[in-house]
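Novice: Quick one: the structure is below, and I'll ask about it shortly.
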Amino acid sequence: MTAVMLALVALALIAVTTLRRDVAGPRRQLRVLATIVVVVMLWLLAPRPPGRDQDVNSQARVAIPADSIFWTRRVTVGDRVVVRGRVDSTRMVMLRLRGPDGKVDSVAAQGKFTLGAATHAPGHWQWRLEMGKRTIDIGVDVRPQPSLRLLIVEGRPSFETAALARRLAAQGASVTTVTRLTAADERVTQAGPHPPARTWSSDNLASLDAVMIASGGGALIDVASRARILAEVDRGLGLIHLVDSLHSRSDWFPFTTSVAGLAPISVQPLLDGTRASTLIAAAPITLSGGNPLAMAAGGVSLARQSPRGIGVVVAVRALNTRSWSLAGNDSLAGVFWARLLAAALRPARAEWRVSDETAAQVDQPIVVERVGEPTPEAELREAGASPERVRLPAAPGDTLRRRTMLWPSHPGWLSLSSGRDTLWLLIGAAPPASPVSQDSDPASSFRWLAWMALLAGITVLWRRR
């Protein structure tokens, strides 16, 4: 509307100047007319950012190809949803990302653009990318923050494991401690938001990050349960042995122990290459085999690790790290256990993976991967369709990486569940068969006329110098 008004004003000025008879000579009159035309056309053709009165988002002039919009389909609560893409336009356009909480992120772009939004709660949420009257739905599966899950088994109560459980729970971890004094006296202590169960079922083991076997705890685990634990270690579970006595070397305990005395030994652990300021007591047992994980001054081995599958088995000499806390050096105990647990914890939980560049539209293929567990099949649910089982073939030479291709047939939320984890994808409707024609764009025609008028005015001024 502004461009049309300015054009009318320019025509009025030209008409008034032409009708005036007091302008000296036709040549000067023509030069005045040409000058007015050049100035007005230059002003009209100058690029400007989009304003409130400009229809910058008309579909006839602007397009966002559906295959040029990318975003992460799964994020952890607290992470940002980032939408990036490309807009095909000859001028700046305004884009807005509107979230389920009503908050809006906007940007004026011509070409590539990036928008973002914060996540506050787990669930499958929907954002909307707006460009004038056109919208694109952005579906995101927001997962809860991962919480460390540890199961401790011991044959007698221990101040050391109790202090460790309290420390981890204070940091948001979930810990279950099973203490069995006799066959009839088993005590279960749980801490944290989601403490794990005390069973040795495959499902419960798959939900854990590590299992810690404290003093006398190994006697509470039968042969079949040990086999299930070792099978889960192959998939990433951490198995930690707190050693205070001699152990036989086996798959369950791939280390060698020997007696180093009758009484506990004072050691000075090395933390980040620096000797701890306070000595602590260690079990009179030496460890060998595997790779060193924690050392003390004098080359004394405090902890060793042995990889197994994508998991690890760790042996730690029983230590009185609680003495650090009693001496006012609680941070030393925190650093020591953080290093040991970081090496032993499951490297990554089993998860679904889907490329950020997936189209996620009806009749468009979606490649989905399941990583971290040998899941042979999953249940597929589409909006408006009956559930069906989908096979997940293993990748060559890697049973822990499985892949399948989906062809969605209905718009809406699609879910793929392994029984332990569910992937949610928002499927959009099929794109239009042909792009919107740009021949009917009146603004484009006006720009051509403006350029022709500008060239004509310049030509007149050049010839009438």
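The values are calculated or read from the model by the stated rules, or taken from the named source; none is laboratory data. Predicted, not measured: the structure shown is a model, and the values here were computed from it. Because the Cβ atoms are built from the backbone with ideal geometry, glycine has one as well, and the counts that use them run over all protein chains shown. To get the accessible areas, we keep the full protein, side chains included, count just its heavy atoms, and leave off ligands, DNA and RNA. Shrake-Rupley method; radii C 1.70, N 1.55, O 1.52, S 1.80 Å.
Novice: Can you tell which of 238, 289 is in contact with a Pro (Cβ under 7 Å, 6 or more places away or on another chain) and farther than 16 Å from residue 215 by Cβ?
Specialist: 289
Novice: State whether one or more residues within the stretch 128-145 are among the β-branched types (Val, Ile, Thr), part of a loop (DSSP other than H, G, I, E, B), modelled with pLDDT under 90 and open to solvent by 10 Å² or more (accessible area, probe 1.4 Å).
Specialist: No, the stretch 128-145 contains no residue that is among the β-branched types (Val, Ile, Thr), part of a loop (DSSP other than H, G, I, E, B), modelled with pLDDT under 90 and open to solvent by 10 Å² or more (accessible area, probe 1.4 Å).
Novice: Would you mind listing the strands (runs of 3 or more DSSP E) fully within the stretch 274-346 where at least 2 residues are more than 30 Å from residue 234 (Cβ to Cβ), at pLDDT 85 or above and open to solvent by 20 Å² or more (accessible area, probe 1.4 Å)?
Specialist: So the answer is none; nothing clears 2.
Novice: Can you go through 150, 164, 242 and tell me which one is assigned to a strand (DSSP E or B) and more than 25 Å from the chain's Cα centre (by Cα)?
Specialist: 242
Novice: Got a number for residues in the stretch 79-102 being in a strand (DSSP E or B) and open to solvent by 30 Å² or more (accessible area, probe 1.4 Å)?
Specialist: Of the residues in that region, 8 qualify.
Novice: Of everything in the stretch 146-156 that's touching a Leu at 6+ places or on another chain (Cβ under 8 Å) and surrounded by fewer than 20 Cβ atoms within 10 Å (Cβ to Cβ), which residue is nearest to residue 338 (Cα to Cα)?
Specialist: So the residue we want is 148.
Novice: Say we look at the stretch 177-203 and pick out the residues that are in a strand (DSSP E or B) and in contact (Cβ under 8 Å) with a residue 40 or more places away in the chain; which of these is least open to solvent (accessible area, probe 1.4 Å)?
Specialist: Within the stretch 177-203, the match that is least open to solvent (accessible area, probe 1.4 Å) is 178.
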